[in-house]
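Structure first, then comments.
The values are calculated or read from the model by the stated rules, or taken from the named source; none is laboratory data. Note that the coordinates shown come from a computational prediction; the quantities given were computed from them, not determined experimentally. All Cβ positions, glycine included, derive from the backbone under ideal geometry; neighbour counts span all protein chains shown.
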Amino acid sequence: MTEQSYQRVKFYQTGTLTVGNRLLDEVNRTVQASMSRSNALTSGHRACQGCGEALGARYALDAAMRATDNQLVAVNATGCLEVFTTPYPETSWQLPWLHSLFGNAAAVASGVAAALRVTGRSHVRVIAQGGDGGTTDIGFGCLSGMFERNDDVLYICYDNQAYMNTGVQRSSATPPTARTATTPAVGPEPGNIFGSGKDLPRIAMAHGIPYVGTASVADLHDLEAKVTRAMGLHGARYIHILVPCPLGWGSDPADTIRVARLATESGLFPLFEAEYGEVTASTPIRRQVPVEEYLRTQQRFAHLFKGDSPDVERIAALQRAADRNIRTYHLLRSAGDER
Amino acid sequence: MNKPFAITLDVGSSLVNHTGSWRTSRPLYVDRLPPCNNACPAGENIQSWLFHAEEGNYRRAWEEIMVNNPLPAIMGRACYHPCETSCNRAKLDSAVNIHAVERFLGDLAIKEDWTVNVEAPPSGKKVLVVGAGPSGLSAAYHLARLGHGVTIMEAGPVAGGMMRFGIPTYRLPRAVVEAEVQRILDLGVELRLNTKVEDIAGTMKDGGFDACFIAIGAHLAKRVDIPAPDAGHILDAISFLHKMETEAEPPKLGRRVVVYGGGNTALDVARTAKRLGDEAVIVYRRTREKMPAHDFEVEEALDEGVTINWLRTITQIDEGSITVEKMELDASGCPRPTGEYETIAGDTVVLALGQNVDTSVIARIPGVTMSRDGVVEVSPNMMTGHQGIFAGGDMVPSERTITIAVGHGKKAARHIDAYLRGAAYQAPPKHELASFDKLNTWYYSDADKMVQPALDLIRRRTTFEEVMGGLDESNALFEARRCLSCGNCFECDNCFGVCPDNAVIKLGPGNRFAFNLDFCKGCGICAQECPCGAIVMIPEDI
């Protein structure tokens, strides 16, 4: 397992580290670098400044639009993404888009796929999408069913690690120690507790579905390669994208991509791919940073650094989690493998 | 109205919702001044010509150099490249090998016979340039391109000045000098060799010249009085190097040559002597750290077998032996004598202690003033105290390198042009410096510097072949692509890609980007993720 989602171009000034690169062939540039990208999620939406989710959704859907030659339907769970894109009667979506309930996006998407199949239009592909609340908590039953039936749907979870739309309440994707409205930074165990929550990509893998991937808005080439790969397969597929939320995380809106980058470079959010339950590839860390560097960018972790002495115990526990990811997904490769 | 249950409005697009009204600060594309450009004495726009070279558009890159500097192949060899000393990439791995790329472009231009054109209409004005060194040639080139008629009068038998008499052939082959000088003459510049101008005002009047640029350099060797009872063999560095250039047989030095001085000229003499088959010893009164010569030249000289005696002054020169006194540095770093003496073997002493300006001609021009150290005073527009007579290069107060001389020539040409048109030249305002902290270095790939091949040591000790080789095309291209493009957009599409609001408009190759302020919320991600620091956030008036 030393492969990676796509072939990195090593040099040419910035190689494939930037969105585009005038020195590279078109095929080595991202969909986002193209003047003709579909902008599936267009301007005028009401997401906060520096919203990671708005960015992640456009990245993923534009890549899927290109991969399917624009033959695509999106089904949305309730959440920020739904609310900020479709205040009646406006829509920011430039593709057929459907919203039903908070918890049933996977089931509705299964139905849309079935309807397309029986009406002889199986070339039209279906994506279901939602936030971490709609995916890991409220919509979890429907999602597991969709996986179990292997319905021909790509489900994308935009993970901002809490219920941001309703005022930053904890979800089962909220990391330990993070302060939310329901896990205040008080008492002997401030913030979210250790030992709770769900690792949804691994749960998805346990269903033995054709494809599971994790991605980040900080690594666009990697994200697009994974969406393209997923759209090249049929059956139930799952992609989990880390999308920083300046409002809920208490980070600078300008830092959205930087925060996402630190999450992967610290090892806290591993980027990997799995097929039929087995990890097949992971994206190596380029410049490793201690978790502290990531945590310090966000107010939700500010209590770890308050007063005279930082909360070394909890920071060390988070570092152990990052180190475990690094071991599990083989994220630190030798210098020779470095991009 | 036939609408489904509970639906009263038509579907609309969010594009009617101008989220730009939320903004408290707005992004702005800027061009900052890259540190290389800032450091270049000839005012080259290095980042810009590397940008074209990165694409493999070498002709365009070369033309961009030629806007400011008519001698790329010479500069790529003989310039001490302050651009590289200031290169931001040095803080990542190592500086971009700018001079090697410049040399590659310069050599390619010679090989392909590239030329530039005079696009300005003839002005009908005539300018006299005195001295065909780098400064005079540069001024002549720029004046010719600005449409003026130029005549260069040179006292010596060849054009090039210190590029011939100061820089040995193993650093700068003469064919390169000839090719780049010829290209300037091909613009219609007249060159009169062996023409020493004794009376500048008279020559101007007789020839109908409207302005004059004097760049006669500094050719008089500084001397010191050292007792030499047996009349030991003493030479000065400049006449030695001059003879190397002009005489058929190299001057006889004796078996063991002692060079006195610590500048680049001292090293040039020692390395030349070594190549002539002699032993070469440098005597310098301070330490290596304090030596004015460039470190790479010291290194190359030591490699070639030149020995250097630090902290020594010469006190007496006898037949075959030289008495030196040991020095030590005081607290302020100045050398002071210790009273301890030693003797070293030596047949010839070459004094490389610096040069003075020959002021005999200039002193006669009414209005021209000299500073106390014997250089000509000029105003900020390079004009001497005499209307219409300008001066530059080694003869005016500044450091003495060929690149500075070329820069003087350009600057003087612009002011002479303005003077002839009855106007004043206004330099465009400088952009803010693109310092290292303005960059987001995450995005640059790791890439080691391409090094130029060096001639093997045996041949460096015995022949005058060029020491440093050039980069080949693939190496030069690779090296150009190491440029970080500090402070200037290189169209990486990051801003276009990272905007959560699609508020960046891509204008297509070569045209960069624009902001759609109807939708920009002012989050600042574009500025944060711009690799080269070409976006700033400025507050909105609220």
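Scanning the range B:442-464 for residues that are more than 27 Å from B:ARG60 (Cβ to Cβ) and either within 14 Å of chain A (Cβ to nearest Cβ) or buried (at least 18 other Cβ atoms within 10 Å of the Cβ) (or both) yields B:TRP442, B:ASP446, B:ARG460, B:PHE464.
Any residue in the range B:316-333 that is under 27 Å from B:PHE165 (Cα atoms) and free of Cβ contacts under 8 Å to residues at least 60 places away in the same chain? Give the steps one after another, and end with the answer.
Start the filter on the range B:316-333 by keeping residues that are under 27 Å from B:PHE165 (Cα atoms), which leaves B:317.
Now drop any that are not free of Cβ contacts under 8 Å to residues at least 60 places away in the same chain, which leaves none.
Within the range B:316-333, not a single residue is under 27 Å from B:PHE165 (Cα atoms) and free of Cβ contacts under 8 Å to residues at least 60 places away in the same chain.
Answer yes or no as to whether B:ALA61 is within 18 Å of B:GLY407 (Cβ to Cβ), modelled with pLDDT of 95 or more and part of a helix (DSSP H, G or I). Give the steps one after another, and end with the answer.
Details: within 18 Å of B:GLY407 (Cβ to Cβ): no; modelled with pLDDT of 95 or more: yes; part of a helix (DSSP H, G or I): yes.
No; evaluated as a whole, the condition is false for this residue.
Conditions tested, residue by residue: (1) at pLDDT 95 or above; (2) within 12 Å of the chain's Cα centre (by Cα); (3) surrounded by 20 or more Cβ atoms within 10 Å (Cβ to Cβ).
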residue: A:ALA230; (1), (2), (3): yes, no, yes
residue: A:LEU233; (1), (2), (3): yes, no, no
residue: A:PRO244; (1), (2), (3): yes, yes, yes
residue: A:SER251; (1), (2), (3): yes, no, yes
residue: A:ILE257; (1), (2), (3): yes, no, yes
residue: A:ARG261; (1), (2), (3): yes, no, yes
residue: A:GLY277; (1), (2), (3): yes, no, no
residue: A:THR280; (1), (2), (3): yes, no, no
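Could we say that B:THR195 is touching an Asp or Glu at 6+ places or on another chain (Cβ under 7 Å), surrounded by fewer than 19 Cβ atoms within 10 Å (Cβ to Cβ) and polar (S, T, N, Q) here? Considered against the rule, which asks whether it is touching an Asp or Glu at 6+ places or on another chain (Cβ under 7 Å), surrounded by fewer than 19 Cβ atoms within 10 Å (Cβ to Cβ) and polar (S, T, N, Q), B:THR195 comes out as yes.
Here the range A:96-112 is the region considered, the condition is being in a loop (DSSP other than H, G, I, E, B) and surrounded by fewer than 19 Cβ atoms within 10 Å (Cβ to Cβ), and the residue that is nearest to the other protein chains (Cβ to nearest Cβ) is A:PRO96. Among the residues in the range B:496-509, are any part of a loop (DSSP other than H, G, I, E, B), modelled with pLDDT under 95, on the phi < 0 side of the Ramachandran plot and within 7 Å of chain A (Cβ to nearest Cβ)? Yes; the residues of the range B:496-509 include at least one that is part of a loop (DSSP other than H, G, I, E, B), modelled with pLDDT under 95, on the phi < 0 side of the Ramachandran plot and within 7 Å of chain A (Cβ to nearest Cβ).
What number of residues within the range B:465-479 are at the interface with chain A (Cβ under 9 Å from one of its Cβ atoms) and crowded, with 24+ Cβ neighbours inside 10 Å?
First pass over the range B:465-479, keeping only residues at the interface with chain A (Cβ under 9 Å from one of its Cβ atoms): B:478.
Now narrow it down to the ones that are crowded, with 24+ Cβ neighbours inside 10 Å: none.
Matching residues across the range B:465-479 total 0.
Residues in the range A:175-223 that are buried (at least 22 other Cβ atoms within 10 Å of the Cβ) and free of Cβ contacts under 8 Å to residues at least 24 places away in the same chain: A:THR183, A:ASN192.
Only residues that are assigned to a loop (DSSP other than H, G, I, E, B), more than 12 Å from chain B (Cβ to nearest Cβ) and touching a residue at least 24 places away in the same chain (Cβ under 8 Å) were counted across the range A:35-86, and they come to 6. Would you confirm whether or not the range B:419-435 contains a residue that is within 14 Å of chain A (Cβ to nearest Cβ), in contact (Cβ under 8 Å) with a residue 60 or more places away in the chain, under 29 Å from B:MET537 (Cβ atoms) and not β-branched (Val, Ile, Thr)? Among the residues of the range B:419-435, not one is within 14 Å of chain A (Cβ to nearest Cβ), in contact (Cβ under 8 Å) with a residue 60 or more places away in the chain, under 29 Å from B:MET537 (Cβ atoms) and not β-branched (Val, Ile, Thr), which makes the answer no. The condition of being among the β-branched types (Val, Ile, Thr) and within 25 Å of B:TYR444 (Cβ to Cβ) holds for only one of B:ILE98, B:ILE110, that being B:ILE98. Among the conditions (1) of a type in the set (S, T, N, Q); (2) touching a Gly at 6+ places or on another chain (Cβ under 9 Å); (3) not assigned by TED's automatic domain parsing to the domain that holds B:ASP518, the only one that B:SER48 does not satisfy is (2).
Residues that are within 12 Å of chain B (Cβ to nearest Cβ) and touching a Pro at 6+ places or on another chain (Cβ under 6 Å) do not occur anywhere in the range A:262-270.
Checking each residue in the range A:75-94 for being surrounded by 18 or more Cβ atoms within 10 Å (Cβ to Cβ) and in contact with a Leu (Cβ under 6 Å, 6 or more places away or on another chain) picks out A:VAL75, A:SER92.
Does any residue of the range A:303-315 turn out to be within 20 Å of the chain's Cα centre (by Cα), surrounded by 15 or more Cβ atoms within 10 Å (Cβ to Cβ) and either not in a helix (DSSP H, G or I) or not hydrophobic (A, V, I, L, M, F, W, C) (or both)? No, the range A:303-315 contains no residue that is within 20 Å of the chain's Cα centre (by Cα), surrounded by 15 or more Cβ atoms within 10 Å (Cβ to Cβ) and either not in a helix (DSSP H, G or I) or not hydrophobic (A, V, I, L, M, F, W, C) (or both). The set of residues in the range B:523-542 that are touching a Pro at 6+ places or on another chain (Cβ under 7 Å) and more than 7 Å from chain A (Cβ to nearest Cβ) comprises B:CYS526, B:ILE535, B:MET537.
Residues that are facing chain A (nearest Cβ under 9 Å) and more than 16 Å from B:HIS18 (Cβ to Cβ) within the range B:511-522 are absent altogether. If the condition is being assigned to a loop (DSSP other than H, G, I, E, B) and of a type in the set (S, T, N, Q), then the range B:510-542 contributes B:ASN511, B:ASN516. Being over 26 Å from B:PRO168 (Cβ atoms), within 14 Å of another protein chain (Cβ to nearest Cβ) and either in a helix (DSSP H, G or I) or in contact (Cβ under 8 Å) with a residue 60 or more places away in the chain (or both) is the requirement here; does B:ALA53 meet it? Yes: the conditions hold for B:ALA53. One residue alone among B:ALA231, B:ALA175, B:ALA211, B:ALA179 is surrounded by fewer than 12 Cβ atoms within 10 Å (Cβ to Cβ), over 21 Å from B:GLY354 (Cβ atoms), of a type in the set (Gly, Ala, Ser) and at pLDDT 95 or above, and that residue is B:ALA175.
What are the residues in the range A:261-295 that are of a type in the set (D, E, K, R) and part of a helix (DSSP H, G or I), if any? Explain how you work it out, then say what you get.
As a first pass, look at the range A:261-295 and keep what is of a type in the set (D, E, K, R): A:261, A:265, A:273, A:275, A:278, A:286-287, A:292-293.
Once the filter is applied, which keeps residues that are of a type in the set (D, E, K, R) and part of a helix (DSSP H, G or I), the range A:261-295 yields A:ARG261, A:GLU265, A:GLU292, A:GLU293.
Looking at the structure I just gave you, is B:ALA434 outside the structural domain of B:PRO134 (by TED's automatic domain parsing), modelled with pLDDT of 95 or more and either in contact with a strand residue (DSSP E or B) (Cβ under 8 Å, 6 or more places away or on another chain) or more than 30 Å from A:GLY15 (Cβ to Cβ) (or both)? When the stated conditions are applied, B:ALA434 passes them.
Quick check on B:LYS438: is it in contact with a Lys or Arg (Cβ under 8 Å, 6 or more places away or on another chain), under 30 Å from A:GLY20 (Cα atoms) and among the basic types (Lys, Arg)? Taking the combined requirement at face value, the residue satisfies it.
Consider the range B:362-393. How many of its residues are in a loop (DSSP other than H, G, I, E, B), touching a Pro at 6+ places or on another chain (Cβ under 9 Å) and not acidic (Asp, Glu)? Talk me through it step by step, then tell me what you get.
Residues of the range B:362-393 in a loop (DSSP other than H, G, I, E, B): B:365-369, B:371-375, B:377-382, B:384-388, B:392.
Among the residues that remain, those that are also touching a Pro at 6+ places or on another chain (Cβ under 9 Å) are: B:371, B:373, B:375, B:377-378, B:385-386.
Then keep just the ones that are not acidic (Asp, Glu); that gives B:371, B:375, B:378, B:385-386.
Of the residues in that region, 5 qualify.
Please work out if A:GLY167 is out of contact with any strand residue (DSSP E or B) (no Cβ under 6 Å at 6 or more places or on another chain) and not β-branched (Val, Ile, Thr).
Working: out of contact with any strand residue (DSSP E or B) (no Cβ under 6 Å at 6 or more places or on another chain): yes; not β-branched (Val, Ile, Thr): yes.
Yes.
Looking only at residues in the range B:9-45 that are under 30 Å from B:HIS142 (Cα atoms), assigned to a helix (DSSP H, G or I) and out of contact with any Pro (no Cβ under 7 Å at 6 or more places or on another chain), which one is farthest from the other protein chains (Cβ to nearest Cβ)? Checking each candidate, the answer is B:ASN38.
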